[in-house]
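What follows is a set of notes on a single structure, which appears directly below.
The values are calculated or read from the model by the stated rules, or taken from the named source; none is laboratory data. What you see is a predicted model, and the numbers here were worked out from it, not measured in a lab. Quick reminder, even Gly has a Cβ in these numbers, built from the backbone with ideal geometry, and neighbours come from all protein chains shown.
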């Protein structure tokens, strides 16, 4: 039980630090929107890797946000973000990226961390790219534009209107 208590207090301290950093210098009238990854997937790194404790961190942020609302009257909203394609797509142009070529110990191979966009030539760490795409998702959904199309699954994309039937052409003899 003590271990669980220590874990929760550590998450609360981290959430407090995040809230202080986000609200520092921000007028109390300005609403605060925080996007947190949903992490509804299992880890794929192997080697005993554990999924990030996003649910527990989101709960800690919610507790801190509630205290911020009560203390200052500031509007604070926690938004869960579905992370699909956020590390895969370029946060600059939206094109699908690929692992950049890196040389390690004299061997040239594709990186698992660095993503390269063949469309705009941008290279960045996949976590930075994912965070930038998640920021865009939160901004677009908050402004009412919905999730960017390049970050949607194919079955979630809007269907194009049906094509008009081909009009037969007249041939004059």
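Observations
- Test: residue in segment 134-146 that is in a loop (DSSP other than H, G, I, E, B), touching a helix residue (DSSP H, G or I) at 6+ places or on another chain (Cβ under 8 Å) and modelled with pLDDT under 90: yes
- Test for residue 118: is it surrounded by fewer than 17 Cβ atoms within 10 Å (Cβ to Cβ), within 21 Å of the chain's Cα centre (by Cα), on the phi < 0 side of the Ramachandran plot and at pLDDT 90 or above: no
- Residue tally, condition surrounded by fewer than 15 Cβ atoms within 10 Å (Cβ to Cβ) and either more than 26 Å from residue 22 (Cβ to Cβ) or in contact with a strand residue (DSSP E or B) (Cβ under 6 Å, 6 or more places away or on another chain) (or both), over segment 63-78: 2
- Subset of segment 1-40 that is over 18 Å from residue 64 (Cβ atoms) and either surrounded by 11 or more Cβ atoms within 10 Å (Cβ to Cβ) or in contact with a strand residue (DSSP E or B) (Cβ under 7 Å, 6 or more places away or on another chain) (or both) - its residue that is modelled with the highest pLDDT: 38
- Top-ranked residue in segment 79-111 [being more than 22 Å from the chain's Cα centre (by Cα) and in a strand (DSSP E or B); ranked as surrounded by the most Cβ atoms within 10 Å (Cβ to Cβ)]: 102
- No other residue among 55, 44 is at pLDDT below 85, within 13 Å of residue 78 (Cβ to Cβ) and out of contact with any strand residue (DSSP E or B) (no Cβ under 7 Å at 6 or more places or on another chain) apart from 55.
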